[in-house]
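Below is one structure, written out as structure tokens; the observations come after it.
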Amino acid sequence: MLSPGRTVSSRLLRPGSWLPLRLGSERTAASSLQKELIKKHELEKDELRPLYMDFQATTPMDPRVLDAMLPYQVNYYGNPHSRTHAYGWESESAMETARKQVADLIGADPREIIFTSGATESNNMAIKGVARFYQAKKHHVITTQTEHKCVLDSCRILESEGFSVTYLPVQTDGLLDLELLEASIRPDTSLVSVMTVNNEIGVKQPIKEIGKICRSKGVFFHTDAAQAIGKIPLNVSDWKIDLMSISGHKIYGPKGVGALYVRRRPRVRLEPLQNGGGQERGLRSGTVPTPLAVGLGAACSLAQQEMEYDHHRVSMLANRLVQKIMSEIPDVIMNGHPEQRYPGCVNLSFAYVEGESLLMALKDVALSSGSACTSASLEPSYVLRAIGADEDLAHSSIRFGIGRFTTEDEVDYTAEKCIQQVRRLREMSPLWEMVQEGIDLKSIKWTQH
């Protein structure tokens, strides 16, 4: 029994602190505070969140992936590298099962899968690791101008170390010219790195043909497949891919985990970026986070089962979105090749409309004007500039991302709001008014004040 002045053992959670409560009037105050907190929570819960149409930036975790992960967050918490007791053995078993699930999705051997923290680390490992390991004989690396920023920055680091890097241009449809690639390979070329599906315009490069060229020239071929894995069929053996980067959160898995495929035969050698306990074949030291690895494996397994259905459904929704918008608004351009593309990534330029203004007008839909990794910059997308888009069109582009959980209603709502806001913004634009009057904007000589 509590004596007067003693505090009750139960405490009420206040944001940022625990509040000890006394009997009497303080209990009434606590009850009132509890009600206020519950009311605030309910109000926040009722607030409408934007529709999510940015599946290239990240994907929501599939609930089935979370179900697979939870036991390893709570009950099976052993270090997978502990070999002396059951806690380590059960975590190691789960990790190796996940490794096989990732390998099965791309037609690889499980021993060729290295767990990483994501595709950025995988890209850094592949490019820097191969270049540095073979630098005694080879000093040249080839990539394209439309790669992800982490690939381009890795190549710039290599340039600062004395390597020669060729940044190949792409054609106006975003595809790489294979003859140009073949002509660019030199006797001292160690690596070619070309992404499978572009993260901004969705263009799908001819990876199989690139693999053949590289194998015939004795050059290793790396592809950043973060936007392709689980969405289109990939086979590292058939396509002669030597290294492949994979990301967990782009395929409805957890953030903070990815993988790098490293071919065993013919063997690819690379210098590790980090050293320590020698885990992951000595290529990536550090304890593998079992729950995240299990999540990546589960996401890959689900993707393998549902890829065909997802691709068909995403294609249908993408066509619905594009047809609705283009049938109602003139002067809309789809960036990238119309057919050699992943349908879930739709990049449209709306002439005479500022992309940032359109994004602000469409605040109830989560969209992007380009890569999430560079969206803080107001510079036009370097990918759109690489395919030859005019600067004004590059500034007017919006990326629509469609995925597994997108609904027809969300697509229809997004299309209708987009049509409505583009019309409104164009009515406010003097450029649009001049175009309607038949004036060729390119013929005008603008003066600066």
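Below, the figures for the structure above:
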| read-out | value |
| --- | --- |
| 10 Å Cβ shell holding at most 13 others, DSSP loop, chymotrypsin sites (Phe, Trp or Tyr not before Pro): longest site-free stretch of the chain | 78-404 |
| Residue-averaged 222 nm ellipticity for the chain, from DSSP H runs of 4+ at -39500 (n - 2.57), nearest 500 | -13000 deg cm²/dmol |
| Dipole of the chain [Lys/Arg +1, Asp/Glu -1 at C-beta], most positive-end residue of 382, 167, 316 | 167 |
| Heavy atoms of residue 170 accessible to a 1.4 Å probe, total area in Å² rounded to 10 | 20 Å² |
| Whole-Hz ³J(HN,Hα) from phi, Karplus 6.51 cos²θ - 1.76 cosθ + 1.60, for segment 83-88, glycine and proline x | 9, 9, 7, 5, 4, x |
| From the C-alpha gyration tensor of segment 63-302, square roots of 5λ in Å | 32, 19, 14 |
| Of all DSSP beta bridges in the chain, antiparallel share, percent nearest 5 | 60 percent |
| Residue list for segment 301-344, given a label point 7 angstrom along the Cα-to-Cβ vector of residue 97 and an amide N cut-off under 13 Å | 301 |
| Low-density loop positions, GluC sites (Glu not before Pro), segment 304-399 - DSSP coil, at most 16 other Cβ in 10 Å | 339, 354 |
| Point-charge dipole on Cβ atoms (K/R +1, D/E -1) for the chain, about Cα centre, debye to 20 | 1820 debye |
| Dimensions in Å of segment 258-326 - Rg and Dmax from alpha carbons | 19.1, 56 |
| Shape of segment 34-193, Cα gyration tensor, a/c cut at 1.5 | oblate |
| Options 230, 279, 252, ranked by Cα towards positive dipole end of segment 63-302, top entry (Cβ charges) | 279 |
| Unit charges on C-beta of K, R, D, E only; dipole of segment 63-302, Debye | 540 debye |
| Residue pairs, from the table 128/240; 138/240; 204/417; 255/324; 100/149, whose Cα atoms sit over 26 Å apart | 204/417; 255/324; 100/149 |
| Percent carbon-and-sulfur accessible area, segment 307-443, ignoring ligands, DNA and RNA, probe 1.4 Å | 51 percent |
| With every protein chain in place, segment 136-266: carbon and sulfur % of accessible area (1.4 Å) | 51 percent |
| Per residue, in Å², the accessible surface of the chain once ligands and nucleic acids are set aside, probe 1.4 Å | 49 Å² |
| Cα shape, the chain, gyration tensor, a/c 1.5 rule | oblate |
| Segment 61-119: trypsin sites (Lys or Arg not before Pro) in DSSP loop, at most 15 other beta carbons within 10 Å | 83 |
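The values are calculated or read from the model by the stated rules, or taken from the named source; none is laboratory data. It should be emphasised that the depicted structure is a prediction, and the values quoted were computed from it without experimental measurement. For neighbour counting, all protein chains shown are included, and Cβ atoms are generated from backbone atoms with ideal geometry for every residue, glycine included. Ligands, DNA and RNA are excluded from the accessible area calculation, which covers all protein heavy atoms including side chains. Shrake-Rupley method; radii C 1.70, N 1.55, O 1.52, S 1.80 Å.
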